[in-house]
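Report on the following structure.
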Amino acid sequence: IDTEGYKVGTLNGLTVLTVGDYTFGKPAKITVNTYTGKNGIVNIEREVSLSGSSHSKGVFILSAYLGELFAQDIPLCLTASICFEQLYNGVDGDSASSTELYGLLSSLSGIPINQSIAVTGSVNQKGDIQPIGGVNEKIEGYFKICKMRGLDGSHGVMIPKLNEMNLNLSNEVVEAVKNGLFHIYAISTIEQGIELLTGVPAGKKDTTGRFPAGSVNCLAYAKLRKYAKISKED
């Protein structure tokens, strides 16, 4: 995984592995590609039988979010592939659904994502961030990698605000946060998350149904309009 720089359609998700009685966090690189077509969102893990039902459900929710936000006056015509890179033991749960959605928005808009921030959180059809399990293990798993590579104050994790009450981190992580070497961002909506990851406003529709110029949603909508036009011509 990358822990520095910016990349389009690429970010770090946080997973939890259980081996016997031991549970630990394992960051995973998630990549998203978007292109013309009508196949919708392709969950590569599901296609090769490495995705559990909860994870597959989370991917379907992404289509519903994109449809409500962008497809009120155009058909939702796209093909998108989502992959957990080099993860071969399967994936389940919907705690990466917000991570996957950020990757989709980045790929559609062309705006790169900060690789020093790892993400966990479930998302519903309306874009609200929902709580997840294993939040402490996930944070500490990513923290250890960043510490090995050298903490410089840029690293951090993004978690659901509703998980704040579940935090019970090691003294080492707490001290790093106190000293500004590591950060924990608690968010409630997709808009907050994409702004934090990209440094660009998400953009909300005005009374005419348009997004602010240069915003993430404006650029993503422009790409989807292009896809819809190409599909109509075909």
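With respect to LEU196, determine if the residue is under 18 Å from the mean Cα position of the chain (by Cα) and among the hydrophobic types (A, V, I, L, M, F, W, C). Explain how you work it out, then say what you get.
On the way: under 18 Å from the mean Cα position of the chain (by Cα): yes; among the hydrophobic types (A, V, I, L, M, F, W, C): yes.
Answer is yes for this residue.
Select the strands (runs of 3 or more DSSP E) contained entirely in region 1-106, then report the ones holding at least 2 residues which are of a type in the set (Lys, Arg) and either open to solvent by 60 Å² or more (accessible area, probe 1.4 Å) or modelled with pLDDT of 90 or more (or both). Before the answer, list the steps.
Working: elements: 10-19, 22-35, 40-43, 79-84.
Correct list: 22-35.
From the list ALA186, ALA202, ALA220, pick out the single residue that is surrounded by 12 or more Cβ atoms within 10 Å (Cβ to Cβ), of a type in the set (A, V, I, L, M) and part of a helix (DSSP H, G or I).
Working: ALA186 fails: part of a helix (DSSP H, G or I); ALA202 fails: part of a helix (DSSP H, G or I).
On inspection, the qualifying residue turns out to be ALA220.
Please tell me if VAL177 is among the aliphatic types (A, V, I, L, M) and either under 17 Å from the mean Cα position of the chain (by Cα) or farther than 14 Å from GLY25 by Cβ (or both). Quick ask: steps written out before the conclusion?
Values: among the aliphatic types (A, V, I, L, M): yes; either under 17 Å from the mean Cα position of the chain (by Cα) or farther than 14 Å from GLY25 by Cβ (or both): yes.
It is true that VAL177 is among the aliphatic types (A, V, I, L, M) and either under 17 Å from the mean Cα position of the chain (by Cα) or farther than 14 Å from GLY25 by Cβ (or both).
For region 137-162, enumerate the residues that are without any contact (Cβ under 8 Å) to a residue 40 or more places away in the chain and either open to solvent by less than 40 Å² (accessible area, probe 1.4 Å) or on the phi > 0 side of the Ramachandran plot (or both).
If the condition is that a residue be without any contact (Cβ under 8 Å) to a residue 40 or more places away in the chain and either open to solvent by less than 40 Å² (accessible area, probe 1.4 Å) or on the phi > 0 side of the Ramachandran plot (or both), then PHE143, GLY150, GLY153, ILE159 are the ones that fit.
The values are calculated or read from the model by the stated rules, or taken from the named source; none is laboratory data. Quick caveat: nothing in here was measured; it's all calculated off a predicted structure. Heads up, the Cβs are rebuilt from the backbone with ideal geometry, glycines too, and the neighbour counts pull from every protein chain shown. Surface areas here come from the heavy atoms of the whole protein model, side chains and all, with no ligands, DNA or RNA. Shrake-Rupley method; radii C 1.70, N 1.55, O 1.52, S 1.80 Å.
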